[in-house]
Structure formats: structure tokens, C-alpha cells
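Here the structure is laid out as C-alpha cells; the discussion comes afterwards.
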Amino acid sequence: MANPSGKDRIEEATTKAGHRAQEAATQVGHRTQEAASSLTHRAQEAGSNVAQQASHLAGQAKERADDALSSVGQGMSSLAGQVRQNMPQEGMLGQASSAVADRLRQGGQYLQEHGVSDIAGDMGSVVRRYPLPALCIGFGVGFLLGMALTRR
């Protein structure tokens, strides 16, 4: 078989072409897998970055809300002191003004010491403990807001 026939040469060329096509297909498959893996990795990094930024912004918003609540608490405590100084100290009006000043001071102190998450937790427990009054208050506040917004 020193001199292969035409048929043998065609079979050999066909076999070589098939192997080359198979190698090319394998290489394309590997490159496709690498590209898909790279794309997946980039998408995961982008998602992680977005999640980190959202978490950071949420943290900043919470800090600002906590600072605002603390300022309101300081204002309430200051108002309690003014009520105590300027209102009568004796009689029925004195008792009422003292009770108002005490409640203002307690509310101010609560706002200064507790953050948004603590207040939300406390509100949730109050609603669970007293669902019907909470529902009525919610309807009432919604009604008043609706009236105020539609009259404009």
C-alpha cells in the first residue's frame, strides 16, 4: 500500500476534516463556556456592587432618620421645660400642665434614646396587642389625610 488509491485518500481527507471540525467545535465550546463564565462573574460582581450601595444608602437614611428623631426629642424635652416654667404650678391647671410637661419630657427622652427600628418594633407590638383600636386610628388618620389632600 505504498500508493493509496483515490478512495483511500478521500476517506483519509474526510477523516482528517472530521477531526479538525471536531477540534474546532470543541475549541468553540470551550471559548463559549469561558465567555459565559466571565459574563456570569461580571453579572455577580455588578449585583453585589448594587446590593452594597443600596445597603450603604439605607444605612445613611436610617442614620439621618435617627438624628432627626433625636432632634425632635430634644425639642420636646425643651418644650417640657418651658411648660413647667411658664404655666401655673398650683391648682387644677398646675396639675394638668405638670402632666403635659412630664409626658413631653418622657416622649422626648424616648425619641432621643431609641432609633427608627426600635420605634417600629414598639409600634408593631402595640398593634398586635390592640388590633381594633390600631385599625380605627389607622382609618381615622387615613380619612383626615384624604380630606386634607383633596381640599387643595
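Assorted remarks:
- Within segment 26-64, the residues that satisfy the criterion of being under 14 Å from the mean Cα position of the chain (by Cα) and not polar (S, T, N, Q) are V50, A51, A54, H56, L57, A58, G59, A61, K62, E63.
- For segment 101-152, filtered to residues that are closer than 27 Å to A61 by Cβ and in a loop (DSSP other than H, G, I, E, B), the residue that is modelled with the lowest pLDDT is G115.
- Test for L144: is it loosely packed, with under 10 Cβ neighbours inside 10 Å, of a type in the set (A, V, I, L, M, F, W, C) and more than 24 Å from G73 (Cα to Cα): no
- Residue, surrounded by the fewest Cβ atoms within 10 Å (Cβ to Cβ), within segment 87-135, restricted to residues that are aliphatic (A, V, I, L, M) and closer than 18 Å to D67 by Cα: A120
Condition check ((1) surrounded by 12 or more Cβ atoms within 10 Å (Cβ to Cβ); (2) without any contact (Cβ under 8 Å) to a residue 40 or more places away in the chain; (3) of a type outside the set (V, I, T)) across all residues:
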residue	(1), (2), (3)
A13	no, yes, yes
R20	no, yes, yes
A65	yes, no, yes
A80	yes, yes, yes
Q85	no, yes, yes
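- A search for C-beta distances below 8 Å between a residue of segment 107-130 that is farther than 16 Å from G73 by Cβ and any residue that is at pLDDT 90 or above, counting only pairs 6+ apart in sequence or on different chains, returns V126/A134; V127/A134.
- Only a single item in (1) in contact with a Phe, Trp or Tyr (Cβ under 9 Å, 6 or more places away or on another chain); (2) surrounded by fewer than 11 Cβ atoms within 10 Å (Cβ to Cβ); (3) aliphatic (A, V, I, L, M) is not met by V50, and it is number (1).
- Per the listing S97, S48, the residue uniquely more than 25 Å from S117 (Cβ to Cβ), modelled with pLDDT of 85 or more, in a helix (DSSP H, G or I) and not hydrophobic (A, V, I, L, M, F, W, C) is S97.
The values are calculated or read from the model by the stated rules, or taken from the named source; none is laboratory data. Quick caveat, the model's predicted, so the values are computed rather than measured. For neighbour counting, all protein chains shown are included, and Cβ atoms are generated from backbone atoms with ideal geometry for every residue, glycine included.
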